[in-house]
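Heads up: the structure comes next, in structure tokens.
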Amino acid sequence: MTLETGRLLLRAFEPGDVDAVHDACQDEDIQFYTPVPVPFGRQDAEKMVREGREGWAADKDYVLGAFRKDTVALVGSYCLTKVSAGVYELGYWAVKDQRGQGYSAEAARALCDWGWATLDVHRIEWWAMAGNTGSRAVAERLGFTVEGTLRNRGIANDGKPHDWWVGGLVRA
């Protein structure tokens, strides 16, 4: 399955994407704000690519890599994960040098639109560690309502508890 926007092609990761995923996940922000292993090795990238494809097969976790049409460069990873009946979580990370150009909002919007049209979705949730202002800006651009801050919701890769923001987007 592929999705296409004006500037991006979204598709399931393939084995040939392992190097790009590995390189992207060396970024300190991705390692701090997302639950990737630290250090992030090539075998972790292989596992991420493999598990992304397995999620589609299980009809539970829909992971797509977003690639620029003009350069074929990896922009990031975008996923909808089933939380419960009718509720999915939107998750994403963006390659450091691709941030700030509107690609994440474009890719996430395409994936959410696909979810509304294809899956039995009535709510999409977004979670981010407090302080991840880039993720929050994307969620707000997509129309998510930031519903609150959960104190010490999770332990980050630094081994410390951190507050998390939660937001929701509901079917109109």
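The values are calculated or read from the model by the stated rules, or taken from the named source; none is laboratory data. Just so you know, these numbers come straight off a predicted model, no measurement behind them. Ideal geometry is used to build each Cβ from the backbone, glycine not excepted, and the neighbour counts take in all protein chains shown. Each accessible area value is taken on the protein alone, full model and side chains, heavy atoms only, with ligands, DNA and RNA left out. Shrake-Rupley method; radii C 1.70, N 1.55, O 1.52, S 1.80 Å.
Entry note: the stretch 78-129 has Rg to Rh equal to 1.01, where both radii use alpha-carbon atoms and Rh is the Kirkwood radius.
Taking the protein heavy atoms of the chain in the context of the full set of protein chains, the accessible area attributed to carbon and sulfur is 50 percent at 1.4 Å. Residues in the stretch 159-172 carry Karplus couplings, in order, of x, 10, x, 9, 6, 10, 8, 10, x, x, 10, 10, 4, 6 Hz; the curve used is 6.51 cos²θ - 1.76 cosθ + 1.60 with θ = phi - 60°, and Gly or Pro positions show x.
For the chain, the solvent-accessible area of protein heavy atoms averages 51 Å² per residue (probe radius 1.4 Å; ligands and nucleic acids excluded). Given the protein chains as shown and a 1.4 Å probe, how many square angstrom of MET1 are accessible, to the nearest 10? Per-residue accessible area (MET1): approximately 100 Å².
Would you work out which of TRP127, HIS22, CYS112 lies farthest towards the positive end of the dipole of the stretch 1-130, given +1 charges on the beta-carbon of Lys and Arg and -1 on that of Asp and Glu, about the Cα centre? Value computed over the given set: CYS112. Within the full protein context, the accessible area of ASP59 is estimated at about 100 Å² for a probe radius of 1.4 Å. Residue order by solvent-accessible surface for ILE155, ILE124 is ILE155, ILE124, largest first, with ligands and nucleic acids left out and a 1.4 Å probe.
Summing charges over all other residues whose Cβ lies under 14 Å from the Cβ of TRP56, with Lys and Arg as +1 and Asp and Glu as -1, gives 0.
Using alpha-carbon positions, what is the distance between the centroids of the stretch 8-26 and the stretch 92-164, in Å? Between the Cα centre of the stretch 8-26 and that of the stretch 92-164, the gap is 19 Å. For LYS82, the accessible surface of its heavy atoms amounts to roughly 80 Å² (probe 1.4 Å, protein chains only, rounded to the nearest 10).
Computed from the C-beta positions of ARG7 and ALA57 and an R0 of 45 Å, the FRET efficiency is 0.95 to the nearest 0.05. Decide, for the stretch 52-110, between rounded, prolate and oblate: order the square roots of the alpha carbon gyration tensor eigenvalues as a ≥ b ≥ c, take rounded if a/c falls under 1.5, and otherwise choose prolate if a/b is larger than b/c, else oblate. Verdict is prolate for the stretch 52-110. Placing a pseudo-label 7 Å from each Cα along the Cα-to-Cβ vector at ASP120 and GLN101 gives an inter-label distance of 4.0 nm.
Looking at the square roots a ≥ b ≥ c of the eigenvalues of the Cα gyration tensor of the chain, which shape do they give, rounded for a/c under 1.5, prolate if a/b is larger than b/c, or oblate? Rounded, because the longest to shortest axis ratio a/c is under 1.5.
So, R0 is 35 Å and r is the distance between the beta-carbons of ALA73 and THR149; what FRET efficiency does that work out to, to 0.05? E between ALA73 and THR149, to the nearest 0.05, is 0.55. Here the stretch 62-130 is assigned +1 on the Cβ of each Lys and Arg and -1 on the Cβ of each Asp and Glu. Its dipole about the Cα centre then comes out at about 120 debye.
Net charge dipole, the stretch 2-102: roughly 240 debye, given to the nearest 20, about the Cα centre with Cβ charges of +1 for Lys and Arg and -1 for Asp and Glu.
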